[in-house]
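Notes for the one structure printed next.
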Amino acid sequence: MIRTWARGGARAGAARARRAFVFVLPGLWVLGVVGWELCHPTSGRLLQLLAAAPAIACAGTGRRQCVLLGGVCALAALVPFGAAEPAAGWAGRAMTCGAILAVVAASYLTAGRRKRLLRELECTREVAATAQRVLLRPLPARIDGMVLAADHLSASEGAVVGGDLYEVMGTRHGVRAVIGDVRGHGLEAMSTVAAMLGSFREVVHDEPELTGVLRRLERSHQRHLRERGRAEHPAGGAEPAGPLAEEFVTLLLVQIARDGAVTALNCGHPWPYRIGSREVVPVAPGEPMPPLGLFPLPEELSTVGCGRLEPGESLFLHTDGAVDIRDAAGAFFPLTNQLCSSVEAATESCVPSPTGVVGDVREALLRHAGGRLTDDVALLMLCNDRMRVPAPVTAGRAARCAGRGSSHPV
């Protein structure tokens, strides 16, 4: 938390410093031109550079400062500096003043159009951000005794959602989570992400078994591809063809029961990590099935047991973008080492914070990639925060305890 506050304060201070610099830059420009003209007279020729001051002011701080500074510069251009040459008398200074006023007028109109465009861009971004938050909505901090943290990095500039997906739902069957990666990345994969998330949020409450959830997701994926095929190629038929026939999704379905038992179904997705108080262990109970959409699901499906998630332990789920990102030298991101470093750095508590671990991995990913992502990344962490419940004391056990207690007189 302290590091977050420090980073926020540093960013706010840098923003204030930039605004102050942009505000004083036009004045410094005017002072520099006038000072140079006074120290090294050029018979007013250098004063033509004053026309740049209103444009700088208009581009940086707004139209009001542009008009005020433009008037000052126009008056300064009429003042004779040094010994004026016959050809550079009042006529030359008047031309300089007219040029400054023309720049002021052009900058004023340009700034007005720029302001309108910025308002439209801000409204468009707000609408887009709202739509993307509805699609990949923020997770609550806690669901049914599980503490959650998630993050998503899109390879498309300005986008919040890309080709990766995640969701966590609390059901009567336990906490169920999904994380997946649609073929492709960026904005072109969003329609498939919307179809998969919408189907998961509906069926996860209805199907008692995790295998039923996966089969419903497969049918939803095939139906989505058929609808896309009809929309893109109305005369092409009902079955997807061309690039749509190769559209697939890697999925990892996880269910955490009330007693902490973890079961999973994996369709071509990276297995998660189990994070304890001071250890990070990869979970790989078996070979995953092919990605959803490449081949039909087998007739017989059975979930894979992943052990028991004890109180204080966590599962860290991720997409393949978290391990496939390369730095400038071509080295892959060392996700396991970063998780170990994050867990070891959690010295204040014996249980690593999901928010802290996910935040550390996000920052390390951006540093490793130099801020330029080539693939979408989704991170999801679930921590079992349920308390250990002692075994109930039966009547017979209570009687035995009472008997043992009465055999030792005080």
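None of the figures in this text is laboratory data; all of them are computed from the coordinates on show. Nothing here was measured: the structure is a model prediction, and the numbers come from that model. Don't worry about glycine lacking a Cβ; one is built from the backbone with ideal geometry, like all the others, and counts go over all protein chains shown.
Per-peptide packing, taken as the mean over residues of other Cβ atoms within 10 Å, places 105-114, 313-322 in the sequence 313-322, 105-114 from highest down. The alpha-carbon positions of segment 328-371 define a convex hull whose volume is 62 Å³ per residue. Where the alpha-carbon atoms of segment 139-384 are placed on the principal axes, they occupy 63, 45, 31 Å, in descending order.
Sorted fewest first by neighbouring Cβ atoms within 10 angstrom, Phe295, Phe248 come out as Phe295, Phe248.
Across every pair of non-identical alpha carbons in segment 253-392, the mean reciprocal distance, once inverted, gives a Kirkwood radius of 16.5 Å.
Sorting the segments 201-207, 147-153 by their mean number of nearby beta carbons within 10 angstrom, highest to lowest, gives 147-153, 201-207.
The order of the peptides 134-140, 189-195, 296-302 by mean Cβ neighbours within 10 Å, most packed first, is 189-195, 134-140, 296-302. From the residues Phe332, Gly307, Leu373, which one has its Cα farthest along the dipole of segment 278-373 in the positive direction, the dipole being from +1 and -1 charges on Cβ of Lys/Arg and Asp/Glu about the Cα centre? Towards the positive end, the residue furthest out is Leu373.
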